[in-house]
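Please read the structure below before turning to the comments.
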Amino acid sequence: MREPPLSNCERRFLLRAVREGKRLDGRQCYDYRNVRISFGPDRGCCVVELGRTRWVLGQVSCELVPPKPNRATEGILFFNLELSPMAAPGFEPGRQSELLVKLNRLIERCLRNSKCIDTESLCVVAGEKVWQIRVDLHLLNHDGNIIDAASIAAIVALCHFRRPDVSVQGEEVTVYSPEERDPVPLSIHHMPICISFAFFQQGTYLLVDPSEREERVMDGLLVIAMNKHREICTIQSSGGIMLLKDQVLRCSKITAVKVAEITELIQKALENDQKVRKEGGKFGFAESIPNQKITAFKMESAAVDTNNVEEQAEEIITKADPPSEVFATPILHTPGTAQIGEGIESSWGDLEESEREEEGESDAAAFECQRMETEDTSTISKAKDEPIVLSDSEEEEVVILEPQEVPNKTRTQTTLKQENTSKKAFNKRRRKKRAAR
């Protein structure tokens, strides 16, 4: 399914907002969306939320494999990024689009080529067995700036991951379980993080951390990967725009500030998770969901004081107002009956004023129909008594015609229908008002 294009009105609105220094989510031009990090129950599993762009990082796996022939003493890093239709309808499953290939290459350059992980520490037996670290990234919801969220999720997962400990005795390699020996963290030198910049009108206007709609109207994109030591790990420009040296320097200064803030956030999140795991507290995705929301799994219990309950109940009863009508003795309307309820007279059969008016109108209509019926009957009886005589002067023959017997009730079909309709409507209104009581 192809992604629906933006209309001309939306495009003009977004470009006008950029010119005026406004954004749809209320941010300023250089503001970054809130980053939230939560960890799963297993090591190397985390969720990174960048606004509404949510990345879930699957379990970082590792296995012993033969090394590459040209790098016999180095481990292997493998990154796999998946864009599913669950994140956006424009992503097709099982097909590597041009965007997916570009993102995978950029992540590999950012994390692997920058030597942020010591791959030589992943070697177990030179030329025979090394650790292969695989990082799987899955996009849950796409709201723009995929590469920034992917880089943060990948480096957080690698810092959180622990590989099994191994020992080598001669040619025998022993892999220990977490119960036998504590897992070993990866050797990470620095944390490269990508920051994206969107340019509009051939570089005249600049936005940091573009959203999905802003990406669709931008002219070019600049991605800078940097660590907290202000070392540029990789830089990539796309869109075919020409950038000046001053523009690139300004973007690099902004990147240094944003990377320092995100790195501090990552370190705090890792320390808090490590502290909770050591203390034996609860951890995982369920614990990261905030309380007091519909999606919460639990709520804090409220303290209830159960002391002196009877005294408090008596005070409430004494302070309460008495009922409006109290009947001390039962009211017996007729001998052989008993009281049910409060003894108030039943008003079930009573009619309201509107019902009385409608009943009077229906009685008048019935009386009019009865009067017309009697008039028709009298007319027919007169016709019975007087025979109809037809005479012909030429032939002088007299023919006496006797009228046929007419039933007593000779209402017309229209009158019957009107009467039935009025009665049905009256009964229906009466039932509705009784039910409303």
Checklist entry - How high is the FRET efficiency between residue 63 and residue 257 when r is their beta carbon distance and R₀ equals 51 Å, given to the nearest 0.05? => result 0.85
Next on the checklist: Among 229, 247, 259, which residue has its Cα furthest toward the positive end of the charge dipole of region 222-264, with +1 on Lys/Arg Cβ and -1 on Asp/Glu Cβ?
Outcome noted: 247
Next on the checklist: For region 1-40, report the % of Cα-Cα distances exceeding 13 Å.
Outcome noted: 67
Checklist entry - What does the convex hull of the Cα atoms of region 125-177 come to per residue, in Å³, rounded to a whole number? => result 107
Item to check | Estimated D of region 111-223 in µm² per second, where Rh is the Kirkwood radius over Cα pairs and Stokes-Einstein applies at 10 °C, 1.306 mPa s | outcome: 93
Item to check | Amide hydrogen neighbours beyond the local backbone of residue 205, cut-off 5 Å, H modeled | outcome: 200
Checklist entry - Under 5 Å between amide H atoms, partner at least 5 residues away or on a different chain: which partners does residue 129 have, H built in plane at 1.01 Å? => result 124
Next on the checklist: My understanding is that a pair violates if its Cα-Cα distance is over 23 Å; which of 253/275; 22/102; 22/258; 129/278; 228/253 do that in this structure?
Outcome noted: 253/275; 22/102; 129/278
Item to check | Additional length obtainable on full extension of the chain from residue 264 to residue 7, 0.36 nm per residue less Cα span | outcome: 88.5 nm
Checklist outcome for this item: Toy charge model, Lys and Arg Cβ at +1, Asp and Glu Cβ at -1: region 48-106 dipole around Cα centroid in debye, rounded to 20, equals 140
Item to check | Accessible solvent surface per residue of region 16-106, calculated while the other protein chains remain in place, 1.4 angstrom probe, Å² | outcome: 56
Checklist entry - Can you give the FRET efficiency for residue 19 and residue 96, using 1/(1 + (r/R0)^6), R0 = 41 Å, r = Cβ-Cβ distance, to the nearest 0.05? => result 0.65
Checklist outcome for this item: For 151-164, 168-181, ranked highest to lowest by mean beta-carbon neighbours within 10 Å, the order is 151-164, 168-181
Item to check | Cβ-derived FRET efficiency at R0 56 Å, residue 244 paired with residue 430, nearest 0.05 | outcome: 0.10
Item to check | Where a label projected 7 Å from the Cα of residue 215 along Cα→Cβ would reach, residues of region 130-147 with amide N under 20 Å | outcome: 136-147
Checklist outcome for this item: Expressed in angstrom and ordered largest first, the alpha-carbon extents of region 41-173 along the principal axes are 54, 32, 26
Item to check | Protection-proxy order for peptides 107-114, 21-28, each taking the mean of Cβ atoms within 10 Å per residue, highest first | outcome: 107-114, 21-28
Item to check | Inter-label distance for residue 317 and residue 70, nm, one decimal - labels placed 7 Å from Cα along Cα-to-Cβ | outcome: 9.2
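The values are calculated or read from the model by the stated rules, or taken from the named source; none is laboratory data. Keep in mind it's a predicted model, so treat the numbers as computed, not measured. Virtual Cβ from ideal backbone geometry, glycine too; neighbours counted across all protein chains shown. Just the protein is used for accessible areas: all its heavy atoms, side chains included, with ligands, DNA and RNA removed. Shrake-Rupley method; radii C 1.70, N 1.55, O 1.52, S 1.80 Å.
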